[in-house]
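Engineer: Below are the structure tokens for one structure; questions will follow.
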């Protein structure tokens, strides 16, 4: 049986890594390079990296602190990939097959599409035909409705669609998506736990791996979503931006609880360019 993966999510906004709450409030917490080095040391199973910038130009980091020195997203991605010991999925600004190919050449193992996939579902198929379904992740941002259901939102949570998450998940799978990342706008950054009905509805609708995201405030929340909704992977962002909240400790907690995760380990990292 495949192990459940534990996946940190890093949000990049104008060159800096940020914490997010409700897709509206952002707090800068560091630079993209040192955070990825820390997550690699903690032996995360994979890394999801999403650029939510509105501008194509990013701030230049301080090279004396090991920050990424590039001012464009491909340069930052190359810096991050060079320091990542784990599979790397990258999203943000991917509108064409050429955009996706450039990110894969820069070091991404998978590409993540969201709004553009909603606007042009054929893009999912084109990406799958070009790079293989295993390299295509469709990200789904969802919000609760007044009747207790959920709706998919586009454009960073600004535009409502007519899709339910389960229906869009199934359509994405049919178009060729190899994996789905489901995120709760309501629970984003609150630390009160995952939206279990949302995650469950998507898991039950498709036969491809589902990554649960949005709301983790404790290791118990991660255990809860794995036990009650059975996604292939559990992801979190804000909780991992504090060194005391390491992937190692999360894996230790889940492993001790008897969940199907890899045992926790710590890796030694050498500075880039050294053997």
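Engineer: In the stretch 178-188, what residues are crowded, with 21+ Cβ neighbours inside 10 Å and either in a strand (DSSP E or B) or touching a helix residue (DSSP H, G or I) at 6+ places or on another chain (Cβ under 6 Å) (or both)?
Structural biologist: 179, 180, 181, 182, 183, 184
Engineer: Looking only at the stretch 226-256, filter to residues that are in a loop (DSSP other than H, G, I, E, B) and at pLDDT 95 or above; which one of those is surrounded by the most Cβ atoms within 10 Å (Cβ to Cβ)?
Structural biologist: 231
Engineer: Right, something else. Identify all residues within the stretch 197-218 that are surrounded by fewer than 21 Cβ atoms within 10 Å (Cβ to Cβ) and over 24 Å from residue 136 (Cα atoms); write none if there are none.
Structural biologist: 197, 217, 218
Engineer: Which members of the stretch 115-130 meet the condition of being touching a residue at least 12 places away in the same chain (Cβ under 8 Å) and either surrounded by fewer than 19 Cβ atoms within 10 Å (Cβ to Cβ) or over 19 Å from the mean Cα position of the chain (by Cα) (or both)?
Structural biologist: 115, 116, 119, 121, 122, 123, 125, 126, 128, 129, 130
Engineer: With the checklist (1) crowded, with 18+ Cβ neighbours inside 10 Å; (2) touching a strand residue (DSSP E or B) at 6+ places or on another chain (Cβ under 8 Å); (3) at pLDDT below 95 in hand, flag the one item residue 156 doesn't pass.
Structural biologist: Here residue 156 clears every test but (1).
Engineer: Follow-up question, since we're still on this one. Do you know which of the residues in the stretch 135-157 that are in a loop (DSSP other than H, G, I, E, B) and in contact (Cβ under 8 Å) with a residue 60 or more places away in the chain is farthest from residue 111 (Cα to Cα)?
Structural biologist: Here is the first cut: in the stretch 135-157, the ones in a loop (DSSP other than H, G, I, E, B) are 145-149, 155-157.
Add one more test, that the residue is in contact (Cβ under 8 Å) with a residue 60 or more places away in the chain, and what stays is 156-157.
Values: 156: 17, 157: 20 Å.
So the residue we want is 157.
The values are calculated or read from the model by the stated rules, or taken from the named source; none is laboratory data. As the structure is a prediction and not an experimental result, all values here were calculated from the model. Glycine also receives a Cβ, built like all others from the backbone with ideal geometry; neighbour counts cover every protein chain displayed.
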